[in-house]
Amino acid sequence: MSGSSRVSTAWATSLCRLCLSVSLLIANQVSGAPLPLELYIPDAPPLTFVDGPQGHGMVGEAVLTAIANAGYVAHVHELPWARSQKHVSETQDSLIAPLSRTPEREDRFTWIASIMPMERAFFSLDRPVNSFEQAKKTYRVIGVGLGSAQEEILRAQGFRDDQIHPLTIGDNPAQMLLKGRIDAWFNGIPESLYIWPKLTEHKLFMSPVMSNAELYLACSKQCSAQLVQDLRKAVETLRNDGTLARIQQRYLPQ
């Protein structure tokens, strides 16, 4: 087969795939069937539950409600959090939540809408610190979620590499703190206060709030403008009618 024939065949194949995609999109719209979307979330209670009997969490439930109200259906996936971010940023029209909008991530995603603020603090087994500077001098090893914004925040604050110990998101950092293998845990306050009582009755000390950043529903860098518009509008409707606040309140400790 000549070079020109191969090019023509490849072009025709690409055109056929495009026509098929457009046909399926039109068919879904005509039939009224919800359009499928891939959503990546971590198992990070109470923010997100991948398969929780009580629902999908403060952020997960809000995102899934917005997706449904916008006329789409979500296929939920769980991968290691760093891998989820890499996959979503490199694909097209994939969704991810909850994601903090940090400088390192800014150009890798399309930021659809803020879901809720996230306050972060240091947690330890003894007297808490009152500042990042004090934490640098006090803690030899600080546990953070692998691929989390906490890791980026500490690096931006000038913590040494050997002070930052990334651990699988979930109760791993809490377990390590309880066993004395790390000196402190830098994490989101709702998640930490949810996890700790399920592990132990040992008293946990919390520093003042050290960081406050919004948690977002985000999309791939290459993301349909219509999808962004639909989901942004759906999230704002949930915010304005009080649904977001009610969902968050439902998952807070009583």
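Taken over the C-alpha atoms, the range 82-194 has Rg and Dmax values of 14.8, 47 angstrom.
Ranking 72, 123, 228 by Cα position along the charge dipole of the chain, where only Lys, Arg, Asp and Glu carry charges on their C-beta atoms, puts 123 farthest toward the positive end.
In the distance distribution for the chain, Cα-Cα pairs more than 24 Å apart total 53 percent. Once the Cα-Cα distance is subtracted from the 0.36 nm per residue extended length, the residue 107 to residue 222 segment shows a gain of 40.3 nm. Enumerate the aspartates and glutamates that residue 203 could reach by cross-link, defined here as Cα to Cα under 19 Å, with residues fewer than 8 away along the same chain left out. Cross-link targets: 126, 171, 183, 191. If both residues of a DSSP beta bridge must be in the chain, then about 55% of such bridges are antiparallel.
Available extension along the chain between residue 179 and residue 213 is 9.3 nm, counting 0.36 nm per residue and deducting the alpha carbon span. If you take the Cα centroid of the range 140-176 and the Cα centroid of the range 67-125, the two points sit 18 Å apart. In a simple Cβ point-charge model (Lys, Arg +1; Asp, Glu -1; nothing else charged), the chain has a dipole of about 240 debye relative to its Cα centre. Summary of packing: across the peptides 101-108, 192-199, 54-61, the per-residue average of other C-beta atoms within 10 Å ranks them, highest first, as 54-61, 192-199, 101-108.
Residues whose amide H comes within less than 5 Å of that of residue 216, counting only those at least five positions distant or on another chain, are 99, 100, 101, 115 (H built at 1.01 Å from N in the peptide plane).
We did not get these values from a lab; they are worked out from the coordinates using the rules stated. This structure is a prediction, so every number in the text was calculated from the model and none was measured. Neighbour counts are summed over all protein chains in view; Cβ atoms, including those assigned to glycine, are modelled from backbone coordinates with ideal geometry.
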